[in-house]
Amino acid sequence: MERAKSVLTLDVGNTRVGMGCVMERQSSLGRRVSADEMGGLGDALVEVWDQMPSPKTVAACSVCPPVLEAVENAVLTRLNREVLLVGRELPLPIDTDLPHPEKIGTDRLCAAAMAYFRLETACVVADFGTAITIDCVSDQGVFLGGAILPGLSMGAASLSAGTAQLPRVELTAPDWVFGRDTREAIVGGLVYGARGALRELTEAYAIALGRWPVVIATGGDAELVCQGYDIVQAIVPDLCLMGVALAVQMAEVQSP
C-alpha cells in the first residue's frame, strides 16, 4: 500500500456524512453533509480533495450501508477513487475483547482506537450523535465494549411522536435545574439524562477497571452535553475521522 501524506476521511452515519482531511494526525477542512442532502456530497468531496497534498487516499467507516453506497458512488464519480473501508479493505484499528468484533460499529472502534492512541491509558469514549455510545478501552488498549442509548434528537422526536401533548423541542444547553415549563422539562430531562448516563456508566467501568478512566467526548451533541462537565477531560469533534486515518496508517505499516 502506497503511504498517503493526507487522507480524506469519511464517517458515514445514519443522518449525516462527516468528512475531513487528516495529516499528521490532525484533522482539518471539515465538512458535514446531511444524509437527506446527498446531492451536495460530490461538490463537498471535491472541495476538500483539491486542497489536500499528494499522495492522498480516501478512507471511511460506516454504520449505514445505503448511505455508504451513495458515498462510494460519489467518490468514484467525482474523485475517480475507490474508498478504503474500515472492516473491509482496512483491518479494525483496535484489538477487542468481544465475541464478534466484526458486528460492532466501526465508528465506535475508530474513535476508541484514536483516543487510546493519544492517551495510552484506560479511557471512556462517549459519542453523542444520532445514538449515544459510551465505550471503554482497557489500559492494554483493548476495546471492552460499552452501551448504546438513544441520542438527544431521537429522544426529543420520540417524546413528541409518542404523546398527545408534548411538543418537539429545540435542544439547547440548560442553564436551569428545575424545568419551569414543558419545554425546559424536556430539554433538561434529555441533557441531564445523558450526563447522568455518562457518569453512571463511567463509574461502573471504573469499578471493573479498578481505577477511574480518562473520559473523552465526541459527536455532534458533545458540546451541548459535556461542555463544563467535570468528568469529561476533553471534547474532540473529529475523533472518529482521525481514527479512520489511524486505520489507514496501521494498514500501511503492516503492508509489505
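If I ask for residues that are in a helix (DSSP H, G or I) and within 19 Å of SER138 (Cα to Cα), which ones from the stretch 189-222 would you list? Correct list: LEU198, ARG199, GLU200, LEU201, THR202, GLU203, ALA204, TYR205, ALA206, ILE207, ALA208, LEU209. Listed by first and then second residue, the pairs with beta-carbon distance under 6 Å, at least 6 apart or on different chains, first residue in the stretch 238-253 and farther than 13 Å from MET23 by Cβ, second of a type in the set (Asp, Glu), are CYS240/ASP11; CYS240/ASP107. Being farther than 18 Å from GLU120 by Cα and either in contact with a Gly (Cβ under 6 Å, 6 or more places away or on another chain) or touching a residue at least 24 places away in the same chain (Cβ under 8 Å) (or both) is the filter here; which residues of the stretch 224-236 pass it? LEU224, VAL225, CYS226, GLN227, TYR229, ILE231 - these are the residues of the stretch 224-236 that are farther than 18 Å from GLU120 by Cα and either in contact with a Gly (Cβ under 6 Å, 6 or more places away or on another chain) or touching a residue at least 24 places away in the same chain (Cβ under 8 Å) (or both). The single condition among (1) closer than 22 Å to GLY219 by Cβ; (2) over 18 Å from the mean Cα position of the chain (by Cα) that ARG32 does not satisfy is (2).
Only one entry in LEU166, LEU159, LEU171 is modelled with pLDDT of 95 or more, within 13 Å of VAL225 (Cβ to Cβ) and hydrophobic (A, V, I, L, M, F, W, C), namely LEU171. The residues of the stretch 223-256 that are crowded, with 18+ Cβ neighbours inside 10 Å, assigned to a helix (DSSP H, G or I) and touching a helix residue (DSSP H, G or I) at 6+ places or on another chain (Cβ under 9 Å), listed by number, are LEU224, VAL225, CYS226, LEU239, CYS240, LEU241, MET242, GLY243, VAL244, ALA245, LEU246, ALA247. Is it the case that GLU37 is among the acidic types (Asp, Glu), surrounded by fewer than 14 Cβ atoms within 10 Å (Cβ to Cβ) and at pLDDT below 95? For GLU37, the condition - among the acidic types (Asp, Glu), surrounded by fewer than 14 Cβ atoms within 10 Å (Cβ to Cβ) and at pLDDT below 95 - is met.
Given the criteria within 30 Å of GLN140 (Cα to Cα), of a type outside the set (Lys, Arg) and over 18 Å from the mean Cα position of the chain (by Cα), does SER62 qualify? The answer is no for SER62.
If you go through the stretch 4-29 and pick out every residue that is over 18 Å from LEU68 (Cα atoms), in contact with a strand residue (DSSP E or B) (Cβ under 8 Å, 6 or more places away or on another chain) and of a type outside the set (Val, Ile, Thr), you end up with 8. Against the test of being under 20 Å from the mean Cα position of the chain (by Cα), surrounded by 12 or more Cβ atoms within 10 Å (Cβ to Cβ) and more than 30 Å from PRO101 (Cβ to Cβ), the options LEU171, LEU166 yield a single qualifying residue, LEU171.
The values are calculated or read from the model by the stated rules, or taken from the named source; none is laboratory data. Here the structure is a predicted model, which means the values were calculated and not measured. Glycine gets a Cβ as well: all are built from the backbone with ideal geometry, and neighbour counts include every protein chain shown.
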